[in-house]
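Notes follow the structure.
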Amino acid sequence: MTTILTSEQIAHKIRRIAYQIYEANIHQEKIILAGIERNGYIFAEKLHEELSRICPIPVILCSVKVNKTNVLAPVTTSLPVEEYTNQSVVLVDDVLSSGATLIYGVKHFLEVPLKQLKTAVLVNRNHKKFPIKADFKGLSLSTSLQEHIEVSFEGEPHAYLQ
Ligand SMILES: O=P(O)(O)OC[C@H]1O[C@H](OP(=O)(O)OP(=O)(O)O)[C@H](O)[C@@H]1O
């Protein structure tokens, strides 16, 4: 098991991504921060905390459920659709690997008109099978397919490769 991000590095990435999100939304009235369950939502909570400190624009947290074993199953969100229609949305996950989870999450949000849709991930891998990229990323990493990346936000947050 190799640590790829320490808790201090994760805190730094969160701060940087929060500033990038703020900058990309500077003219928006509201930001919807939609985190994919489970770890993507925890990451979104941490971005929300940081954004609340630096950004005067209201930031609304939303949790998103994508069925990762059956991406065609309906995606659900904690916010009713009217709350994010015509808004600026940032879809957040912890790891981007094949891209399946993120692209099906994006697909869900594209079913209504939006002002803007951006994506953010903490760790970006190099095994994409879908045409999706993250607009904001903490760490980009070349890994072999056999390697697995895990992010843990419990206790001292860290990301590791095994
Ligand atoms: O780009 P993809 O290939 O779709 O992979 C990315 C997804 O994989 C991980 O979830 P995991 O499958 O480990 O499930 P988890 O929600 O139990 O962490 C991670 O949290 C992402 O959501």
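Neighbours of residue 125, meaning other residues whose beta-carbon lies under 14 angstrom from its beta-carbon, give a summed charge of 0 when Lys and Arg score +1 and Asp and Glu score -1. Listed by chain and number, the lysines whose alpha-carbon sits under 24 Å from that of residue 129, ignoring those within fewer than 8 places in the same chain, are 65, 68, 107, 118, 137.
Per DSSP H run of at least 4 residues, take -39500 (n - 2.57); add these up for the chain, divide by its residues and hand me the 222 nm value, nearest 500 deg cm²/dmol.
Per the formula, -9000 deg cm²/dmol.
Shape summary of the chain, radius of gyration then Dmax from alpha carbon positions: 14.9, 44 Å. Evaluate the distance, in nm, between pseudo-label points positioned 7 Å from the Cα of residue 143 and of residue 20 along their respective Cα→Cβ axes. According to this spin-label approximation, the distance is 1.8 nm. Comparing 140, 63, 88 in a Gaussian network model of the chain (Cα springs below 10 Å), the most mobile by mean-square fluctuation is 140.
Read-outs throughout are calculated quantities, based only on the coordinates presented, and are distinct from any laboratory measurement. This structure is a prediction, so every number in the text was calculated from the model and none was measured. We place every Cβ from the backbone using ideal geometry, glycine too, and count neighbours over all the protein chains shown.
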